[in-house]
Each structure stands twice: as structure tokens, then as C-alpha cells.
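Report on one structure; see the data block that follows.
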Amino acid sequence: EEERAWWKEGFVYQIYPRSFNDSNGDGIGDIRGIIQKLDYLDDLGVDVVWLNPVYDSPQVDGGYDIRDYRAIHDEYGCMDDWEELLEGMHDRDMRLIMDLVVNHTSDEHEWFAKSKRGEDGYDDYYWWRSTGGGLPNNWTSSFGGPAWTYDVDRGQYYLHLFHSKQPDLNWENPEVRGDVYDMVDWWLSKGIDGFRMDVINLISKNPELPDGHPGGWTGMEHHTNGPRVHDYLDELHDETYGNYDAMTVGECIDADPERAKRFCHPDNGGMSMVFHYEHMMLDFRSDGGWWEVGDWSVGDLRDVISRWQRELEDSEAWNTIFLGTHDWPRIVSRWGDAQHYRRESAKLLATFLFTLQGTPYLLQGDEIGMTNFPFERIDQIRDAETRGRIRFILDDARSRSLTELERVALEDEGFQRVKDIVRYRCRDNARTPVQWSDDAQAGFTDGEPWLAVNPNHTEINVEAAREDPDSVWHHYRDLIDLRSDSDLLVYGEYGLLVPHHDRVWAYERTLGEQRAVVVLNWSSESATVGGLDLGPEPSLVLDTHDRTNGDGHAEPLELDPWEARVYRTQ
Ligand code: TEU
Ligand code: CA
């Protein structure tokens, strides 16, 4: 039996503020823009909002480079706006979780300024190392290039697992931890409902900083799930969110179910749930990495998710159900068929997200099936990761052995050859402005948007979707309603049916006497499936293909491409 909790019953809608809605025509989404759309969120049925960073920041990495944790970034508004936003959400029975970014700060944070100067008490706030020449070790940054940058003022290298403007905090230092806990508590005491915790399992590094095995993200085995990560999280939990009715979701690179259970145990951080990336890495080729798109099949996805469903059952940990965030391509362009079956496949993905055991996460714009952007040139891209990977290749072209694809990314002509991969992977795909209407700039701004609006906004937009009863948006609405009053869909046990079908993923959810069966034809071809044990009179609760109840439900079922159905069998 699963224990009840509000954060299990609700779903989370992710707002990337820079791209959500611009209230003052400067082309940048802002907090007043979100306030203007609160009724929209309410109409959609949103329970919890995860707000990406809105803190004061130089914005080299979409606000994940924080200059001041206790101030609102001026392009987004001020603290009064933020207070009004929180109140507006709570008035509508919505909760708000904030992004907590404490593995690193901006290099413009005052702690780093003081640390650079070696000021008393701040000397050790970050990872500083001297060498007799050369880098302290061979670790690489997640955005390409070495994880170390030399600081001329201090005459030492500092560690950054991401951009060079994102130095890693030294959690070994109890003063650092104390400052972080004060800040976390300060936000909780303002009445927020929890945190999404950025790369939280990177906070403990092996203090010896040994070289890593070269390849992939070099150094990972020394900084991911490091030696003291559970101690730190235990402390953070006890000092801060453990004292509130808060929801916490930790972003945990390289987590497996065992690790997730440890993170969610009250003695090790007691997080509500974790984001893991096992399924998100399915289309990375281990040899080619980011630069080569690997093959994945519905069978692979089914195996990963089924294992997580089974292993977290009745445990301390709870699943997150997601297929994308602001860090990944648009879900319909990656897991669906945006070209031939956009509407159908977006509806199937929606059905998947809302019918498994775990909390569903939906990125802004996915509720209308927004797609990837047709990038043509490097200068259309703002994403620090994509730019970093490309730039690093430029800087380092001579000292590293490069794959052919990396080599051709070097120049704009080369870009034409890597275009397909960049178009597929680039994080800006998920960050283009929300398409509210078919107006110029999609109704996002009256000015010039900071990142181009997808040209397909003339067809794909919120206004059109709300008017069309057959839209992706209405399918989400139906699913949100369905799940919100169904203990069966929230708490029911997961059971895999027909485990070897090459296109169809079917599963049951059971709770006491109740049973639902979900059938997903995860392909652009039609499919036939039996063995679902639907019984004599299954009732079709939801279908992406508008069939009338009682019609065509004898097994085997004949499914159209991307058809998804939800049955109640008793
Ligand atoms: O992301 C960490 C992370 O997992 C990504 O860097 C991921 O490896 C990559 O995007 C895959 O393409 C978090 C934030 O969500 C991200 O936006 C930040 O850039 C990063 O941390 C640094 O704070
Ligand atoms: Ca604005």
C-alpha cells in the first residue's frame, strides 16, 4: 500500500519563465506575465508549478548561474511581483516549487568574489587548486572542455562541472553548508511548497580529486553520488525542508532505483522523488555520445520504466513520470512522430504521462504538442550547452582526438552537416516561447522575443487548441480530470501486459478490486494486440481516436498508429 500525499496526487507543470509570457514588451518572459496566465493554468487543472530559476543572475545558463539567491532577476520583476504570484497560485489551490541550485553559484556571486580575494572565512568556499602547470586533473565540464578554469586574481584553478561562470561550491566546508541551509529555510518560510533540486547528487566530490577514466563525462565517478552525498542531504533535510510539508524532487544524474530509494529515505535526504535519466539516455550512443543519435525502441523504454515501476513499489521512493524538461528536445519530436502524427503521438505521450504510478511532469507548451525548432544557423542558438560543445571543439581542435562529426561542427558550413543532430538535441528546442496564438510572435510578446518563436505557431497555439475539441490540449484536460479523481490511477499497482510486443506497450493498474488497462500503440503503423484480459464488457474511459464505447473492444484489438486507450475492466 502506498502512503497518501498531495504531491503524489497532483501533477507538476513546469514554467521556464524567460519563455512563458512577456508582460512588458521587452521580449523576455517575466513574473507579471505568469500572473496574467494564472487563470489559464487553473483552467488546465494545474496542481503544482515548478518554476525554473528566477533569481538574480547574469543568465549565461538560463538562470542556473545565480548571483544572489535572495533577489529576483530584474528582467523578471521584483520580490513584490513574486509574492503576488505565490499568493495568486495559493488562491487557486495551486502549489509552487522553486528551483534550488546549490551545487554551484555564478562567478558573480559575492561568495565567489570574496573567495577569489581569499577573504577571511571565504578562502575555501569553492574548489581551488594550484598546480605546477597544467590542470589539477582531467575532469571535464558537462558543457564541454575542462572542468577547471584559471583565475588570474587568485592565481589558482577553480572547479566548475558546468560553465566556467558556474564555480562549484565546496560542500566540505561547514560554513558553506550553513549559508545554504539559511537560504533554503528563508525561501521555505515565505510559504513555498518545495523545491526541484538541481544536480543535487553532485554536491559531494572525492576531496582527493583524482583523475577520472577518460571518456564520457570524465571524472563522473568522483563527483556523482560522491562519498558524503547522503550525509549532506540528511543534514539539508533536517535543517530545512524536513520541517515543512514540502515536496522535493532531486535531479539525480546516474541514479538507479536502489540509489533513488536511498535518496528518498528520511536518513539520507528524504526527498519525495528523483528525476533519473535512464530512459532519457536511451538515444545517446555510448561511443558517439551527444554527437550521435542512437537507436531506441519502445521495448527499451518499456523495460526501463517497468523496472522503475516495479522496484519503487511500496518503497520510500516515488516515481517521477516525465519525457522532457527544459534540458531536452520537445517530447513529441523525440518520443513521438512530430512529422506525420503530431497530434496523435502527442496524445499518446500524454496518456502515458498520466497513467503510470508516479507524479507526472509537463513542460510548458507540451500541453499543445509544441515541437522542436528548425535551427539553420549557430547564431540562432542561445543554449550554453550546445554552444559550449561547439565552441570547445573549436578551442581544442588540435589537442584532442575528434570524431568526424565533432570536426565538422567547427564552422558554419560544417554546421550544415551537424544540423540534424543539433536540431535533435539542442536544449533551446524546449525553450522557444510558448505559442499562445497565431499572432505575430505567437502572442508571447509585443516586442522582439529573446529566442525565435517557432514558425509553426500559426497552426500550433493555445487559442486554436482550446477551440478544437479534438486537440492535444483537450486530451490533456481529460487526462488531468481522470487522474485527479482516481485513486486507481494514482496509487494502483503497475503490471506489464504483453511484454514482447514490438509496437504496443500495454499495462494494467490495480487497486483492490479495481482494474484499468492502458494500451499504447507506440508507433506510426497500425497494430494488433490480444492477451489483455479485458473481460466481457470493458468500458473505454479514454481514447485518442474517438471510438464509440462498446465498439471494437473484442480482443485482439486493432489499433491505429499512435492510438492510446484506457479501459476500466472492473
Ligand atoms: O541540468 C543538469 C543536466 O543534467 C544537464 O546538463 C544535462 O546533462 C544536459 O542538459 C543534457 O542535454 C541542470 C539544469 O537542469 C540545467 O538547465 C543546467 O544547465 C545544469 O543543471 C547546470 O545548473
Ligand atoms: Ca518582459
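Read-outs throughout are calculated quantities, based only on the coordinates presented, and are distinct from any laboratory measurement. Note that the structure is a prediction, hence the values are computed from the model and not measured. Because the Cβ atoms are built from the backbone with ideal geometry, glycine has one as well, and the counts that use them run over all protein chains shown.
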HN-Hα couplings for the range 46-58 via Karplus (6.51, -1.76, 1.60; θ = phi - 60°), in whole Hz with x for Gly/Pro, come out as 5, 9, 9, 10, 9, 9, 4, x, 10, 7, 3, 7, x
How far is it, in nm, from the label point at residue 474 to the one at residue 70 when both lie 7 Å from their Cα along the line to the Cβ?
5.1
Under the Karplus curve 6.51 cos²θ - 1.76 cosθ + 1.60, θ = phi - 60°, whole-Hz ³J(HN,Hα) for the range 323-338, x wherever Gly or Pro sits
10, x, 9, 5, 9, 9, x, 4, 5, 6, 7, 9, 9, x, 10, 5
Work out, step by step, the length gained on full extension between residue 256 and residue 510: first 0.36 nm times the residue separation, then minus their alpha carbon distance; give nm to one decimal.
89.0 nm
Violating pairs (Cα-Cα greater than 27 angstrom) within the set 190/261; 37/190; 114/205; 8/261
190/261
Pairwise FRET efficiency - residue 78 versus residue 182, Cβ, R0 = 25 Å, nearest 0.05
0.70
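Helix-only estimate, please: 222 nm mean residue ellipticity of the chain, summing -39500 (n - 2.57) across DSSP H runs of length 4 or more and dividing by its residues, to the nearest 500.
-8000 deg cm²/dmol
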The simple spin-label model distance between residue 292 and residue 6, using points 7 Å out along Cα→Cβ, in nm, is 4.9
Please give the FRET efficiency for residue 376 paired with residue 525, using the beta carbon to beta carbon distance and R0 = 30 Å, rounded to the nearest 0.05.
0.45
Between the range 1-76 and the range 120-158, the Cα center-to-center distance that results, in Å:
33
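For a Förster distance of 22 Å, can you work out the FRET efficiency between the beta-carbons of residue 110 and residue 244, rounded to the nearest 0.05?
Values: r = 27 Å, r/R0 = 1.23.
For residue 110 and residue 244, the calculated efficiency is 0.20.
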If a/c stays under 1.5 just call it rounded; otherwise compare a/b with b/c (prolate if a/b is bigger, oblate if not). Do that for the range 106-168, with a ≥ b ≥ c from the square roots of the Cα gyration tensor eigenvalues.
oblate
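Quick check for me: using +1 on Lys/Arg Cβ and -1 on Asp/Glu Cβ, what's the dipole size of the chain about its Cα centre, in debye to the nearest 20? Don't skip to the answer; put the middle values down first.
On the way: 55 positive and 112 negative charges, 297 e Å.
Value, rounded to 20: 1420 debye.
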Once you sort the root eigenvalues of the Cα gyration tensor of the range 1-66 as a ≥ b ≥ c, which label holds: rounded (a/c under 1.5), prolate (a/b larger than b/c) or oblate (the other case)?
oblate
How would you classify the range 492-568 from its alpha-carbon gyration tensor, with a ≥ b ≥ c the square roots of the eigenvalues: rounded for a/c under 1.5, else prolate if a/b is greater than b/c, otherwise oblate?
oblate
Give the span of the chain's Cα atoms along each principal axis, as three whole-Å numbers ordered largest to smallest.
77, 56, 48
Calculate one ³J(HN,Hα) per residue across the range 109-121 by plugging θ = phi - 60° into the Karplus curve 6.51 cos²θ - 1.76 cosθ + 1.60, and present them in order as whole Hz with x for glycine and proline.
5, 4, 4, 6, 4, 5, 5, 4, 7, x, 4, 3, x
